[in-house]
2 protein chains.
Amino acid sequence: MSRPTVKESHVDVLIIGAGPSGVMGANALIQAGVNVPEGVMAGQADGLQPRTLEIMHSYDPTMTETTMTETLLTKGATLRKTTFYTPSATGGIEKTFTSSISISPNARWNFGLIYRQGAIEGLFRKAMAEKGLRVKHDTVPTAMELVQNSSDLQDPKAYVSKASGVTLKNLVSGEVEIVHAKFVLGSDGAHSWVRKTLGIDVEGDTTDAIWGVLDFVPDTDYPDFRMHTFAQSHDGTIMFIPREGDLLRLYIQQKADSDIIDPATGRADKDRTSPEKILAQTQKILKPYRMEIKDGEVDWWTVYVIGQRVATKYSINERAFIAGDACHTHSPKAGQGMNAGMGDTHNLAWKMVYVLRGWSPLSILETYESERRKFAQDLIEFDKRWSKLVSDKRSTGSNPEGVTPEQFIGAFKSVGGFVSGIGIRYAPSTLVNASHQVVAANLIVGERVLPQVFIRVASAEPVHIHDLLPAETRFKILVFAGDLSVHDDRTKLQTLANELNKAENFLRRYGRVEVGKWEVFDVISFTSAKQDTVNLFEIPEFFRPHWTKALLDDEEVQGQSGGGGYAKYGIDLHAGAIVVVRPDGYIGTMAPLDGVAFLNSYFAGFLL
Amino acid sequence: MSRPTVKESHVDVLIIGAGPSGVMGANALIQAGVNVPEGVMAGQADGLQPRTLEIMHSYDPTMTETTMTETLLTKGATLRKTTFYTPSATGGIEKTFTSSISISPNARWNFGLIYRQGAIEGLFRKAMAEKGLRVKHDTVPTAMELVQNSSDLQDPKAYVSKASGVTLKNLVSGEVEIVHAKFVLGSDGAHSWVRKTLGIDVEGDTTDAIWGVLDFVPDTDYPDFRMHTFAQSHDGTIMFIPREGDLLRLYIQQKADSDIIDPATGRADKDRTSPEKILAQTQKILKPYRMEIKDGEVDWWTVYVIGQRVATKYSINERAFIAGDACHTHSPKAGQGMNAGMGDTHNLAWKMVYVLRGWSPLSILETYESERRKFAQDLIEFDKRWSKLVSDKRSTGSNPEGVTPEQFIGAFKSVGGFVSGIGIRYAPSTLVNASHQVVAANLIVGERVLPQVFIRVASAEPVHIHDLLPAETRFKILVFAGDLSVHDDRTKLQTLANELNKAENFLRRYGRVEVGKWEVFDVISFTSAKQDTVNLFEIPEFFRPHWTKALLDDEEVQGQSGGGGYAKYGIDLHAGAIVVVRPDGYIGTMAPLDGVAFLNSYFAGFLL
């Protein structure tokens, strides 16, 4: 008798877990041509913060088909305002105040967006399916061991799982498959098998906060059921998240003395409560308002205890990684959910691509942990402060020591940058160098590029700068060229063109392939000259390999957008600046127009 | 021997010709559930005017998936400016002036949009394919005769083609099919077989203007090759239309003494010229600029003589119709091309649907000819004046009597409303009644609704009013309800709700099915009250069958859109108004809030 043959395969990256972080990473890699096998399937998150929308938009093919973002913007529910209800003197709740939802004023899309997690994953799966990749369901990993041999560890072309590979088992058919991978990524949730198998610990605590979650179509007279709202009575706190269609999600804080916790496991036990019990509690909190479940149909519900934890490491030898909930867990109140996890794999994917292509050394991958673990720690700190604030008693007649509406609204407004993801700033590293921050004082090195509309010189078409920064693995070299209607500025730009054209400088040294069609770079110029004062053919030929690459800073012809970009970015109208944007949309560095030598050394830090 | 059986079928509407007017009509009918057979296939138009974009948007399913408009906006070329070049003193041309492209300031999309005709038709075909309808190629009609029996003619359920039906023949397989149709629509182009078979004449002239058309990717130093531009030298006039991707279309006026005309037929003969000859002429006109065809590849080209003609009738007995180029032809200079034809079938389709459903008498179809033939006549008049202006000599040193730039730009700016389609105003008829124009002085009865953003009361989401006016065959009853934060205004609105709820008034009389789910009407309310001064549940229940139906007039929470809608529309903040919008987006009538009796008589004019 012969043993059945076991299927074996060799891949660049094996991703275990196809939740939001997993599909974000898988899509980013497959769009870049990386060999990713069919995924392994592992939720109920729902809120997309403004920065996550921007990131998803940056993966829309060529940025001219806005499939993913358009679907989200037209089908999702948008959150515009937050309303707060506090305990009323007569029992129950009363409206205290209303605010615009807390986000950064700099967001391209100024609102929260709610769309169910499965549908968001579906958008990525659809994009991946167009490249021939499908998610494999019903399959779990059963064994994995990494090589310890240091020469293999240091060779990005070596397969790092030991001779036995990673063993995957299909739970339905019982089939077993051995996958040999150069890199392994575990995005398999809070109870991550990959994390445990790699022996990575988590730090932090389980809180004593227990939350119930109820999704349903409401029948109510609570006037703000289509707003983001916090309702706090003496019987507990509820957060409202209106969802796509007519669905409403309620997060209902359970009493600390609740018997929902299973004393044996310390975990919340669904069998110890029911939607009816949670609804009864909801009705008590929301008095004098009525809240019923339309047709009695509950769409989904759960109860859980909040953990606030971060993994101690995000990688083993830069060959096996974890991302998303496998790295960090926190409460739902700050609306971070899947956003943090998607940000993780967005950060990681292009770096893996650079290593796999032989463009960067393995060391570039160290910045994944340094950039993303720091963010997760900040997130947990924020979550602790914010959860406390939301749960703290409000100032009332009987409790004058409580938080006043003014204090609360002040705190609420101040968190927008963090909550929205817009305020994320990566610290200095080989990839982030702020030496010349002064040349574009308001574009912060380590942050993403401020939204702004510029005008194409040749066609007068307005273009959002984010649409020039797709996540297609190239560094964008944004040349703010000064005023090309002025002779001296034109001369300076020609000098820069001559410099950039030299074989020893970074563009030709690291750019790969011929002038104007760099694989590693995309050069785009922006003059401060106004429309009709500059002619496309007066711009040095180097900066117009195609007519779409030359832009100017002016209002579009109907005066509805554009203008003032140099001022917004803090760039001198004549001195100009070179701004380097990483493939993930974050500003890597900047330099003056005569700063090519500085840029050479910046790129030498991580390009081969 | 038995004769081969001939396939026979019975349909509601047989559409002959699947160009832009044909697919617009077919899509409108099939979306409304009308039985349309697979179409009969018959271009090279390319420009979409702002109003046509608005119309196409109104057919996007549910207005939340913006498939068609998004594809156009992201893939098409947009025209923002028009530049004018006139004869220079040294021969050739020189730039005279630049203007924003001539469109109405009221357009929702403030630019011209260029996308090839085949792709635009493809968008409709894709929408139709989702409903199971495909265009049949290689099939031509060979015989058709209409019944003359007046009782059949007056019965919309009768098949109007005689017992022999309309005979269709497949040119490839030779198969013959007999189609029995209740209505026939011929959208089969300038040389329409349907028009000739129906015996409808055309009025007007063939002009002496001959134009060459050349589509190619340019290699040039003409700086405005990505703008809409007119270049006039002593050797002729050229119009530039930049297209999707890097393609450029040139319309090149041929010399009047050209030998391109075949003296036997009086029509332009492609065999008498060539792309090389047209390019040589182009190069002569554009001096001192260089213009070459990149890689020598011509994408498409033609020559033709311009006819300026209108059909004498648009229908036979309101049972057989013609539309598009079958009804009217004109020059390319005003950029009307397919826009006029798409406007025809957009106007016709919903009226056919109303008759087929038994909601309206056949007489409603008379307004198709009265509304659209008047427009075509205006278009020809406009085309004559405009073509002359473009071709007239410019004022120069040697020709001080010519048109000055100031005169030209003045004329150019003044035509925007017409060219864009935004300014179309249908004259009074059973469908258009301006008796109460005063209640919303700036919304013109017979025109489309001015763009404006309002805010949903329940969710604070901004909504473009056009997105509330989809072309899904319902009349929209827009109730501008006054200020619902004021007691007297709330009382007035409750009185209106009580009136509308009465069985003898138009909503329940003609609306079909129960309250809040009218088949014929959609009732949407807009209060002038500001956010946070009005509560959803204070609005009479009649006006909130669903929370999305109640809006208010205020800025959205970030101050980026909305506000001032009542003022823009010329509606008093307290008196309010009822505005009735036809299924095609045109304002049918308006009335004060106590004007239900007037509306009863308006709808009695064409609803059964």
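Some observations on this one:
- Only a single item in (1) within 30 Å of A:Pro540 (Cβ to Cβ); (2) assigned by TED's automatic domain parsing to the domain that holds B:Ala28; (3) among the hydroxyl-bearing types (Ser, Thr, Tyr) is not met by B:Thr220, and it is number (2).
- Out of A:Lys157, A:Lys169, sole residue that is of a type in the set (Lys, Arg), over 25 Å from the mean Cα position of the chain (by Cα) and not in a strand (DSSP E or B): A:Lys157
- If you go through the range B:525-549 and keep only what is closer than 14 Å to B:Val453 by Cα and buried (at least 22 other Cβ atoms within 10 Å of the Cβ), you end up with B:Ser525, B:Phe526, B:Thr527, B:Ser528.
- Checked against the criterion of being modelled with pLDDT of 85 or more and in a loop (DSSP other than H, G, I, E, B), the candidates A:Gly212, A:Gly174, A:Gly189, A:Gly204 yield just one match: A:Gly189.
- On inspection, B:Glu8 qualifies as of a type outside the set (A, V, I, L, M, F, W, C), over 27 Å from B:Gly245 (Cα atoms) and at pLDDT 70 or above.
- B:Phe382 passes every criterion in (1) at pLDDT below 95; (2) crowded, with 22+ Cβ neighbours inside 10 Å; (3) among the hydrophobic types (A, V, I, L, M, F, W, C); (4) part of a helix (DSSP H, G or I) apart from (2).
- Assessment of the range A:182-196 against the conditions (out of contact with any Ser or Thr (no Cβ under 6 Å at 6 or more places or on another chain), open to solvent by 20 Å² or more (accessible area, probe 1.4 Å), among the acidic types (Asp, Glu) and more than 14 Å from chain B (Cβ to nearest Cβ)) yields at least one matching residue.
- Some residue of the range A:80-96 being modelled with pLDDT under 85 and within 11 Å of chain B (Cβ to nearest Cβ): no
Residues are listed down the side, and each one gets a yes or a no for (1) farther than 24 Å from A:Thr282 by Cα; (2) in a helix (DSSP H, G or I); (3) in contact with a His (Cβ under 9 Å, 6 or more places away or on another chain); (4) among the basic types (Lys, Arg):
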{"residue": "A:Thr69", "(1), (2), (3), (4)": "yes, yes, yes, no"}
{"residue": "A:Thr78", "(1), (2), (3), (4)": "no, no, no, no"}
{"residue": "A:Lys95", "(1), (2), (3), (4)": "no, no, no, yes"}
{"residue": "A:Met128", "(1), (2), (3), (4)": "yes, yes, no, no"}
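- Check on A:Arg226, in a loop (DSSP other than H, G, I, E, B), out of contact with any Cys (no Cβ under 6 Å at 6 or more places or on another chain) and open to solvent by less than 30 Å² (accessible area, probe 1.4 Å): yes
- On inspection, B:Phe526 does not qualify as over 14 Å from B:Ile465 (Cα atoms), touching a strand residue (DSSP E or B) at 6+ places or on another chain (Cβ under 8 Å) and aromatic (Phe, Trp, Tyr).
- If you go through the range B:482-501 and pick out every residue that is open to solvent by less than 50 Å² (accessible area, probe 1.4 Å) and farther than 20 Å from B:Lys530 by Cβ, you end up with 3.
- Within the option set B:Thr273, B:Thr220, being within 14 Å of chain A (Cβ to nearest Cβ) and either under 30 Å from B:Val310 (Cβ atoms) or not charged (D, E, K, R) (or both) holds for one residue only, B:Thr220.
- One residue stands out among those in the range A:550-565 that are away from chain B (no Cβ under 12 Å) and touching a strand residue (DSSP E or B) at 6+ places or on another chain (Cβ under 7 Å): the one that is most open to solvent (accessible area, probe 1.4 Å), which is A:Gly563.
- Look at the range B:167-195: where a residue is on the phi > 0 side of the Ramachandran plot and a partner is open to solvent by less than 40 Å² (accessible area, probe 1.4 Å), sitting 6+ places away or on another chain with Cβ atoms under 8 Å, you get B:Gly189/B:Gly17; B:Gly189/B:Gly19; B:Gly189/B:Gly324; B:Gly189/B:Ala326.
- Within the range B:507-524, the only residue that satisfies the criterion of being touching a helix residue (DSSP H, G or I) at 6+ places or on another chain (Cβ under 8 Å), open to solvent by less than 10 Å² (accessible area, probe 1.4 Å) and not aliphatic (A, V, I, L, M) is B:Phe521.
- The range B:417-450 - residue that is more than 14 Å from chain A (Cβ to nearest Cβ), among the β-branched types (Val, Ile, Thr) and not in a helix (DSSP H, G or I) and, of those, farthest from B:Phe598 (Cα to Cα): B:Ile424
- Condition check for B:Arg108 on (1) part of a helix (DSSP H, G or I); (2) in contact with a Pro (Cβ under 9 Å, 6 or more places away or on another chain); (3) within 14 Å of chain A (Cβ to nearest Cβ): one failure, at (1).
- Flag for B:Ser100 being modelled with pLDDT of 75 or more, open to solvent by 10 Å² or more (accessible area, probe 1.4 Å) and away from chain A (no Cβ under 14 Å): no
- Identity of the residue in the range A:54-79, facing chain B (nearest Cβ under 7 Å) and modelled with pLDDT of 75 or more, that ends up nearest to A:Pro470 (Cα to Cα): A:Glu70
- Considered as a group, the residues in the range A:307-359 that are of a type in the set (Gly, Ala, Ser) and part of a helix (DSSP H, G or I) include one that is modelled with the lowest pLDDT, and that residue is A:Gly337.
The values are calculated or read from the model by the stated rules, or taken from the named source; none is laboratory data. Quick caveat: nothing in here was measured; it's all calculated off a predicted structure. Virtual Cβ from ideal backbone geometry, glycine too; neighbours counted across all protein chains shown. What goes into the accessible areas is simple: the full protein's heavy atoms, side chains included, and nothing from ligands, DNA or RNA. Shrake-Rupley method; radii C 1.70, N 1.55, O 1.52, S 1.80 Å.
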